Amino acid sequence: VEGADSIKVLRLIARIEREYDVELDDADVFEVSTITDVAGVVRKAVAAQEPA
Amino acid sequence: VTLAAQQTDQHPTNQHYDLDPRVFGVFLDPSRKYSSGWYTDPADPDGESLEAAQQRKMDLVADLVRARPGARILDIGSGWGALVLHLAGERGCDVTGISPAPKQAEFVTARAAERRLAARARVVTGSFEEAADLPRGLDAVTALGSVVHMPDLPAVFAKARGLLRREGRMYVSESCFRNAAIRARFDAVPGTRFVRSTVFGNGELRPLSELVSAAEDAGFSIETTLDLTAHYRRTIAQWIEGVRRGAAELDAVEEGMAARLEHYLEVANAGWGYTTKHYALVLRNAR
């Protein structure tokens with residue numbers, strides 16, 4: 001992901017963090033480049049939200 | 001003037017700041033302060049107006065450097081003179097601003113005359129690093145978002161400290177990379193390069209630790225650090241509203257100007273907390 005596209009991804013990540021009230025690791029935040037990656041990040045966010 | 005124009009006869013910082021002053025009148029607050037405001041609650045979308053937040057911010061800076069009537073102050077990167085005129089007009093200080101952009105100096109000089117502040121508010125056109133005849137024995141030095149444009153930070157802090165009296169204070173606020181690892185990773189990516197080269201000329205984002213380290217090495221005591229990130233996010237969101245409201249006016253100055261400005265501001269706002277932070281430091285010339 002390059003330039004303006006990476007900005008869109010970052011805003012998407014910020015929205016996911018707000019919606020799920022989670023804070024993702026930098027590795028997840030900055031490695032995301034495909035829709036599949038985004039789905040993985042959402043799954044991780046949902047999992048983190050569930051009580052242990 | 002084109003945002004992306006390569007104008008080698010200008011100071012590199014001037015590409016952006018020496019744009020037609022009308023551009024900045026459209027999306028900034030009336031004081032034309034081009035740095036973060038200070039909000040009661042920056043997360044509250046119904047909080048202070050941009051204008052009120054900028055006035056509160058200038059009062060905060062004045063309080064942090066103990067700006068008393070008659071205090072002699074240098075504002076590095078004085079822009080359109082918001083802080084110079086505020087300190088002179090509201091606090092009775094004797095203020096010199098310095099900026100490399102000639103259009104800014106004309107603008108501030110005219111405003112100072114209008115407000116009958118010419119006796120204690122003035123602007124020097126030039127680069128702080130190179131300027132030789134700056135006032136000395138100062139009570140305070142302020143640098144709001146300007147050291148980002150200066151490649152040799154230790155030299156900047158050493159020079160600023162040399163202009164201060166003992167117990168004088170320096171307020172410096174700056175956009176920073178969030179940490180050293182983020183800097184290593186993002187210094188060269190297109191989004192960073194876009195902001196740095198297209199808009200700014202020189203633009204050296206550093207992690208806070210590097211600002212602190214350079215301040216210590218220059219001999220300053222560090223009195224305060226403040227995280228202004230959320231405040232800057234809110235400020236830029238309000239600038240974007242201004243760009244949208246004034247899009248027709250901006251495009252009349254230059255076709256496509258509104259879209260370019262909005263894109264730049266959106267890029268800057270997307271990174272806060274992820275790649276970038278905005279911090280303020282108060283440094284004291286004392287043991």
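The values are calculated or read from the model by the stated rules, or taken from the named source; none is laboratory data. Here the structure is a predicted model, which means the values were calculated and not measured. Here the Cβ is made from the backbone with ideal geometry for all residues, glycine too, and neighbour counts use every protein chain on show. Calculation scope for accessible area: heavy atoms of the full protein, side chains included, ligands and nucleic acids excluded. Shrake-Rupley method; radii C 1.70, N 1.55, O 1.52, S 1.80 Å.
Looking only at region B:50-91, how many residues end up being in a loop (DSSP other than H, G, I, E, B) and either among the charged types (D, E, K, R) or in contact with an Asp or Glu (Cβ under 8 Å, 6 or more places away or on another chain) (or both)? Let's see the steps before the verdict.
Narrowing region B:50-91 to residues in a loop (DSSP other than H, G, I, E, B): B:65-71, B:77-81.
From what is left, the residues that are either among the charged types (D, E, K, R) or in contact with an Asp or Glu (Cβ under 8 Å, 6 or more places away or on another chain) (or both) are B:65-68, B:70-71.
Residues that pass the stated criteria total 6.
The sole residue among B:S99, B:S78 that is of a type in the set (S, T, Y) and in contact with a strand residue (DSSP E or B) (Cβ under 6 Å, 6 or more places away or on another chain) is B:S78. Only residues that are farther than 22 Å from B:A181 by Cα and modelled with pLDDT of 95 or more were counted across region B:191-215, and they come to 0.
B:R161 falls short of the stated requirement of being within 19 Å of B:L205 (Cβ to Cβ) and basic (K, R). Residue count for region B:143-178, restricted to those that are within 13 Å of another protein chain (Cβ to nearest Cβ) and in contact with a helix residue (DSSP H, G or I) (Cβ under 8 Å, 6 or more places away or on another chain): 1. Selection of region B:208-267 for residues being closer than 30 Å to B:R284 by Cβ, of a type in the set (F, W, Y) and outside any loop (DSSP other than H, G, I, E, B) yields only B:Y232. Considering only residues in region B:205-232 that are under 18 Å from the mean Cα position of the chain (by Cα) and open to solvent by 70 Å² or more (accessible area, probe 1.4 Å), the one that is nearest to B:R166 (Cα to Cα) turns out to be B:T225. Would a scan of region B:87-96 turn up a residue that is touching a residue at least 60 places away in the same chain (Cβ under 8 Å), open to solvent by 10 Å² or more (accessible area, probe 1.4 Å) and of a type in the set (K, R)? No; the residues of region B:87-96 include none that is touching a residue at least 60 places away in the same chain (Cβ under 8 Å), open to solvent by 10 Å² or more (accessible area, probe 1.4 Å) and of a type in the set (K, R). Being at pLDDT 95 or above and closer than 30 Å to B:G168 by Cβ is the filter here; which residues of region B:233-276 pass it? If the condition is that a residue be at pLDDT 95 or above and closer than 30 Å to B:G168 by Cβ, then B:T235 is the only one that fits. Put simply, of B:R72, B:R111, B:R116 the only residue that is of a type in the set (K, R), surrounded by 14 or more Cβ atoms within 10 Å (Cβ to Cβ) and over 19 Å from B:V282 (Cα atoms) is B:R111.
For region B:233-287, how many residues are more than 14 Å from chain A (Cβ to nearest Cβ), under 18 Å from B:F27 (Cβ atoms) and of a type in the set (G, A, S)?
So in region B:233-287, the residues more than 14 Å from chain A (Cβ to nearest Cβ) come out as B:234-235, B:238-239, B:241-258, B:261, B:278-287.
Those left that are additionally under 18 Å from B:F27 (Cβ atoms): B:234-235, B:238-239, B:241-258, B:261.
Right, trim to of a type in the set (G, A, S) and you get B:242, B:246-248, B:252, B:256, B:258.
Qualifying residue count for the region: 7.
Selection of first residues in region B:220-238 that are at negative phi and of second residues that are among the β-branched types (V, I, T), restricted to Cβ pairs under 7 Å at least 6 apart or on distinct chains, gives the following pairs, ordered by first then second residue: B:I222/B:V212; B:E223/B:V282; B:T224/B:V282. Of all the listed residues (A:E23, A:E2, A:E17), the sole one being within 14 Å of another protein chain (Cβ to nearest Cβ) and either at pLDDT below 75 or within 19 Å of B:A188 (Cβ to Cβ) (or both) is A:E2. In region A:26-41, of all residues being within 13 Å of chain B (Cβ to nearest Cβ) and of a type in the set (D, E, K, R), the one that is least open to solvent (accessible area, probe 1.4 Å) corresponds to A:D28.
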